[in-house]
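What follows draws every value from the coordinates through simple rules; no lab data is involved. Remember, it's a predicted structure, so these values are computed and weren't measured experimentally. Virtual Cβ from ideal backbone geometry, glycine too; neighbours counted across all protein chains shown.
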Amino acid sequence: MPFECDVITLFPEMFNAITQYGVTGKASRNTVFQLNTWNPRDFTHDNYRAVDDSPYGGGPGMVMMAQPLEDAIIQARTRQIALGIEKTKVIYLTPQGKRLDHALVKQLSTLPGFILLCGRYEGIDERLIMRQVDMEISIGDYVVSGGELAAMILIDCVVRQIPGTLGDPESANQDSFVDGLLDYPHFTRPESYQGSRVPEILMSGNHAHIHRWRLQQTIGRTWLKRPDLFELKFAHGMTVEEEKLLEEFKQSCKSR
Ligand code: 4G3
């Protein structure tokens, strides 16, 4: 059964970016996930096909009206129910939502599907949110011009966790953040690029040494670049081996 992704959006063509390209494009062609878009403009009844209006109370910009959005969501819900998904979740992408992280991505990837609501203009009539939205998610503390980019980031994160998306079943687990730490550095040919050489240990063929070096880079780089993640991960202390790897990393920092 594919992961069923229904999206409420004024700009359905934007989602070609994920259904046609790269890892998510392949997953779409292989029906790892199915994406359906619903345009609220198709659910308007006036001659102008208006989906927005000026805000009560005044102020700049426009607000998305509840009715076209609600009718689009009901159609999306009906389709998910027809596919056997009885209690789907409607997720609104908004800066006010719960911050997306790897744990939330993992949780969402266990669902049979979801409905994503993409806002434009200054936002959406609050009564639509009260009536239809089950969860609010934010991709980070910044604002983009529409919820579409946020929705595509969420879909990409979730789809790559679904078995069958990535060639090697291990590759989703090899990533940064999976263990709460940053990734180690990667190198490929040539051995020497603009006078800069690949670390000797990676050429040694000694896999125990290579594994130890990569673990050291993972711990060291997290300590250096993301002290917040480092604190979280090692709040209850480090093993003797981890301490040793970090001390050695700090020494190598000083000597360059
Ligand atoms: C709703 C989500 C939607 C209200 C959406 C703007 C950033 C995020 C929008 C609003 C968005 C995020 C569309 N920008 N951080 N823009 O997840 O003011």
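Counting lysine pairs in the chain whose alpha carbons fall under 22 angstrom apart, excluding pairs fewer than 8 residues apart on the same chain, gives 15. A Cβ-based charge dipole, computed about the Cα centre of the range 36-195 with Lys and Arg at +1 and Asp and Glu at -1, lands at about 340 debye.
Across the options Ile81, Val198, Leu215, the greatest Cα extent toward the positive end of the charge dipole of the chain (unit charges at beta carbon of Lys, Arg, Asp, Glu) belongs to Val198.
Please report, to two decimal places, log10 I(q)/I(0) for the range 1-55 at q = 0.29 Å⁻¹ as given by the Debye formula with identical point scatterers on the Cα atoms and no solvent. Ignoring solvent entirely, the Cα scatterers give -1.14. Its alpha carbons considered, the range 142-256 gives a radius of gyration followed by a Dmax of 17.6, 50 Å.
Kirkwood radius for the range 82-123, taken over all pairs of different Cα atoms as the inverse mean of 1/r, rounds to 12.0 Å.
Taking every Cα-Cα distance in the range 82-212 and sorting them into 10 Å bins starting at zero, the pair-distance distribution P(r) comes out as 10, 30, 26, 17, 11, 5, 0 percent. Computed as a quarter of the hull surface, the mean projected area of the alpha carbon convex hull for the range 54-127 stands at 5.9 nm².
Can you give the convex hull volume per residue for the Cα atoms of the chain, as a whole number of Å³?
Given the Cα convex hull of the chain, per-residue volume reads 200 Å³.
Once you divide the Cα radius of gyration of the range 1-134 by 2.2 N^0.38 Å, the number left is 1.11.
Between the Cα long axis of helix 147-159 and the first principal axis of the chain there is an angle of about 50°, rounded to the nearest 10. Arranged from fewest to most other beta-carbon atoms within 10 Å of their beta carbon, Ser192, Ser109 become Ser192, Ser109.
Taking the range 139-193, which GluC sites (Glu not before Pro) meet the DSSP loop condition and have no more than 14 other C-beta atoms within 10 Å?
On the way: sites: Glu148, Glu170, Glu191; in loops: Glu170, Glu191.
Taking the range 139-193 and a limit of 14 other Cβ atoms within 10 Å, the loop GluC sites (Glu not before Pro) found are Glu170, Glu191.
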